[in-house]
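Step one of this worksheet: look at the structure below.
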Amino acid sequence: MTAIIETKGLTKRYGNAAALDGLDLTVRKGEVLGYLGPNGAGKTTTIRLLLGLIKPSDGQALLFGEPASADPAGLHKKIAYVPGETSYWPTMTGAETLRFLANIHGSVDHEYEQELIKKFGFDPDKKVRNYSKGNRQKIALIAALASRAELLIFDEPTSGLDPVMAKVFRDEVRAAKQNGQTIFLSSHILEEVEELCDRVAVLRLGRLVEIGTLDELRHLSALTVEASFKATPPDISHVKHVSNIEIRGNRLRCNVNGPISDLLSTLAKAQPVSLLSRKPSLEELFLALYDEDKK
Amino acid sequence: MTRAASAKHLSVRVALWRLGIRQSLKGALVVGVLVGFMAVVQGLAFGSTYPDEKSRQAFATTMESAPALGILYGETKNLASSAGYMVYRTVPIMALVVSVWALLTTTKLLRGQEEDGRWEVVAAGSTTPRQASMLTLLGFTTSFFTAFLVAALILILAGSFPELSTQPSTSIFIAAAIFLPGLLFAAAGVLTSQLAITRRRAAMYVLVPLLTFFGLRSIANTIPDWYWLKNVSPFGWSDMINPVLDPMPVWLLPALLLSPLLTGAGIYLIGKRDYGAGFIAEATKAASRLFLLRSALGLGLRQNLSLYVGWSVATLAISVLVASIMGIAAEAVAESPNLGAFIGQLGGSTNDLKIAFLGAGMVFVTIALLIMATASMSSIRKDEAKNYLDTLLAQPVRRSHWLAGRLFHILVATAIISMACVLSTWAIAGAQGITLNLWTMMQIGIALMGTVIFLLGFGVLLFGIAPRFAVIGMYSLIAWSFVIDILGSVITLHEIIVKSSLFHYVPVNAAKTPDWGIFILLVLFGIALAGVGIAAFSKRDIVTE
Ligand SMILES: Nc1ncnc2c1ncn2[C@@H]1O[C@H](COP(=O)(O)OP(=O)(O)O)[C@@H](O)[C@H]1O
Ligand SMILES: [Mg+2]
């Protein structure tokens, strides 16, 4: 498959601090890549570099095989972008803004645009100044989706949307994927990521910590085991692959990183009343990945 | 309230007060120094031009017969002393400058911050919006008085020079006459900030009456029968304080009484409205107008139309004003050889005073064009600072095209105004029986653009390499040129310094074909600087606020 986005050692430094540090990333045609990381991880910096709004201190970014900064205007015909914080002209109406964005982008599916306006419940006849943050966000989403661009770049696009509208967004992104569009989705919303993304890249302090499918990432992380006993739980501190042991009364809880057989045999000897093991929730997974101590 | 809680409360209050100071003090210091400097330079110029009592009396008598000169300046009375001349030349103009600064600052503090969403955090804190606004205003008031004190101090210190020999009490009076209208229009800004929902409109609601009041004052100065108009204009009150010959402190009162009233009304209204709302309601539904939405440049034009039109009207008004009084003014001055020489030097012609007056008018027009170019550059930088440029450049919009296009708009707008000014001057002069060569005037209209192009090129260069300093750099160059020009009329400056002033290159003589060599040099330099600036802009990071 061809790479739509490819970065090689992409770096952005502000003074001595690196906002993005040697990013190597490939986004393939037709995939949805989730781009995750805590605040200040460098997600927005990455996107601004891809769009040529800022210039790399080192390394390079290729879009559709061309350097991102060579002819940004030409590349942008194939790209639509939704920022986390929209900046539209306060005195223009929603309709004027949409018309303007469609005009300068050069491609728009008018029918689909009308459909999106309906689906998002957007009232285009107000001035931008009078819209809430969520409604301004809708302008960006409608314009980007209606352009049917080959590459869609979203920077925390649903931060101002209510759950119903966030659902509409997810439906439309899925439809875009079905159309063969490629999607780069920076997000904080795990539900969104889990539902939409083929692969996930996790960024922390400007560095790529993990990349892979969600299942692959899950394997990297521990299994949680919970057990309860008639009497005091057994001492498992010497058991291999076990960490984060918590004991409350007759209940025990721990994480297992690796084969589980040693733990099971130790627990079985103490005659557990109940035993539960589960994969980590996405939240636990990302808390673990974001957590500074672990990496 | 616990002790800790009340201590915290106090520190929040102090922080708000400081915020108000921080956002106004820099401007206040500039204004204070400018006022003091301008007044002192005018006084010294007078002192050195008319060193003895006899020449001063002769000058004063001449000027009294030409009240029309008071359109932009003060009353043409009491001009037999440096202090009197200082008042005549500086009080009205500087009162205008202080007033505009003051209203722009209070509307920025009380509406601009809210409009930009920066006030929400403050207003949502432990203070009510009303308290927060009052504390910020207290900060502004602190800055305002600092400006007044700086100006007064400069005047008092300079008053001890023999050329000026002004009493400290007179100096304080002069400073008060300059600053009082400002206090009133600042207060008006507090009120309109509650009425309008944008800062721009809040400022317009004050600016229109302000200019009207200034106009009324000008009319009162020109037409003796309408002298009473002064009673209804804050700028008239300033004139009537009359600090030098016959001080009338009672005219300090109207502004001192009205300011708290307007401020109080504004502060009362703050508590009565929602965050982000204003009392002059705006319909939430708005009809869409789809003109000029085809390209990023079209939008740039659309968003800046009011700026261009506003400046055109203002510049043309100045030009028409100067041309209209040219005849009267020249006759008055003709009787005083000393003044004639002074104006002649400023206006670039010593043998024809009418032409010299026109030349002085050309300098005004050039200043207006330069400031307009800078304001337009400020709008370009604002597009970047406020992220609008992100929105544009994420689309298929070429950076260099966008910047070059915006510059082209500015050039066309200033060129049209420049031409309109010389043509209207030509027509008005003709109506007064002064025949000017139309072709020469048109050439001057073109040649005036040389300095504008150079300044723009300089601004674009700064914008390309240090965007945060582009606008301040342009204003500094204008201010520098202005200072050099004024100093040059008082003392002899080194030639290199004189040549560093933009006004040195303004073709002011309406009877002479402009020097095309200078024009071509200015244009070439301007284009070269702009070229480097555009190239640098294409390669640099977009710098938002
Ligand atoms: N213009 C800038 N100057 C200095 N530091 C910056 C600038 N822009 C971003 N940073 C820093 O770079 C880091 C990454 O920021 P950003 O990409 O916005 O993070 P994210 O979008 O993941 O929350 C942050 O530490 C931020 O403070
Ligand atoms: Mg971000």
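The values are calculated or read from the model by the stated rules, or taken from the named source; none is laboratory data. Computed from a prediction, not measured in an experiment: that's the story for all the values here. With ideal geometry, Cβ positions are generated from the backbone for all residues, glycine too; neighbour counts draw on all protein chains shown. Accessible surface is based on the protein model in full, side chains and every heavy atom, while ligands, DNA and RNA are left aside. Shrake-Rupley method; radii C 1.70, N 1.55, O 1.52, S 1.80 Å.
List of remarks:
- Any hit, the range B:214-226, residues being more than 27 Å from the chain's Cα centre (by Cα), surrounded by 14 or more Cβ atoms within 10 Å (Cβ to Cβ) and either of a type in the set (Asp, Glu) or assigned to a helix (DSSP H, G or I) (or both): no
- Check on residue A:41, within 13 Å of chain B (Cβ to nearest Cβ) and either without any contact (Cβ under 8 Å) to a residue 12 or more places away in the chain or within 14 Å of ligand 1 (Cβ to nearest atom) (or both): no
- Selected residue (only one of B:314, B:334 is touching a helix residue (DSSP H, G or I) at 6+ places or on another chain (Cβ under 8 Å) and at pLDDT below 75): B:334
- Only one of the numbered conditions (1) open to solvent by 70 Å² or more (accessible area, probe 1.4 Å); (2) more than 16 Å from ligand 2 (Cβ to nearest atom) is not met by residue A:175, and that is (1).
- Hey, residue B:481 open to solvent by 50 Å² or more (accessible area, probe 1.4 Å), assigned to a helix (DSSP H, G or I) and of a type in the set (S, T, N, Q) or not: no
- Flag for residue A:268 being more than 23 Å from residue A:285 (Cα to Cα) and open to solvent by less than 70 Å² (accessible area, probe 1.4 Å): yes
- Of all the numbered requirements in (1) under 22 Å from residue A:169 (Cβ atoms); (2) facing chain B (nearest Cβ under 7 Å); (3) assigned to a helix (DSSP H, G or I), residue A:112 misses one, and that requirement is (2).
- Check on residue B:79, under 24 Å from the mean Cα position of the chain (by Cα), surrounded by 20 or more Cβ atoms within 10 Å (Cβ to Cβ) and within 30 Å of residue B:227 (Cα to Cα): no
- Pick from the range B:366-402, criterion hydrophobic (A, V, I, L, M, F, W, C) and surrounded by fewer than 21 Cβ atoms within 10 Å (Cβ to Cβ), ranking: farthest from residue A:100 (Cα to Cα): B:367
- A single entry from B:54, B:26 fulfils the requirement of being surrounded by fewer than 24 Cβ atoms within 10 Å (Cβ to Cβ) and in the same structural domain as residue B:170 (by TED's automatic domain parsing): B:26.
- Condition check for residue B:465: within 24 Å of residue B:478 (Cβ to Cβ) and open to solvent by 10 Å² or more (accessible area, probe 1.4 Å): yes
- Scanning the range B:271-328 for residues that are among the basic types (Lys, Arg), more than 10 Å from chain A (Cβ to nearest Cβ) and open to solvent by less than 50 Å² (accessible area, probe 1.4 Å) yields a single hit, B:273.
Yes or no, residue by residue, for (1) charged (D, E, K, R); (2) in contact with a Cys (Cβ under 7 Å, 6 or more places away or on another chain); (3) assigned to a loop (DSSP other than H, G, I, E, B):
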| residue | (1), (2), (3) |
| --- | --- |
| A:226 | yes, no, no |
| A:244 | no, yes, no |
| A:265 | no, no, no |
| A:286 | no, no, no |
| A:289 | no, no, no |
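- The condition of being touching a residue at least 60 places away in the same chain (Cβ under 8 Å), open to solvent by less than 10 Å² (accessible area, probe 1.4 Å), within 20 Å of residue B:190 (Cα to Cα) and assigned to a helix (DSSP H, G or I) holds for only one of B:102, B:158, B:151, that being B:102.
- Flag for residue A:91 being within 15 Å of ligand 1 (Cβ to nearest atom), touching a strand residue (DSSP E or B) at 6+ places or on another chain (Cβ under 9 Å) and either farther than 30 Å from residue B:304 by Cβ or in a loop (DSSP other than H, G, I, E, B) (or both): no
- Positions within the range A:232-252 being touching a residue at least 24 places away in the same chain (Cβ under 8 Å) and open to solvent by 30 Å² or more (accessible area, probe 1.4 Å), in sequence order: A:251
- Of the strands (runs of 3 or more DSSP E) entirely within the range A:132-215, those holding at least 3 residues that are over 19 Å from residue A:283 (Cα atoms) occupy A:151-155, A:182-186.
- Residue in the range A:245-256 that is modelled with pLDDT under 85 and out of contact with any strand residue (DSSP E or B) (no Cβ under 9 Å at 6 or more places or on another chain) present: no
- Count - residues of the range A:36-85 that are among the acidic types (Asp, Glu) and near ligand 2 (Cβ under 10 Å from one of its atoms): 1
- The range A:197-231 - residue that is within 16 Å of ligand 1 (Cβ to nearest atom) and not β-branched (Val, Ile, Thr) and, of those, surrounded by the most Cβ atoms within 10 Å (Cβ to Cβ): A:203
- Residues being more than 16 Å from ligand 1 (Cβ to nearest atom) and within 14 Å of chain B (Cβ to nearest Cβ) - total across the range A:142-160: 8
- Here residue B:254 passes the criteria (1) over 23 Å from residue B:272 (Cα atoms); (2) crowded, with 22+ Cβ neighbours inside 10 Å except the one numbered (2).
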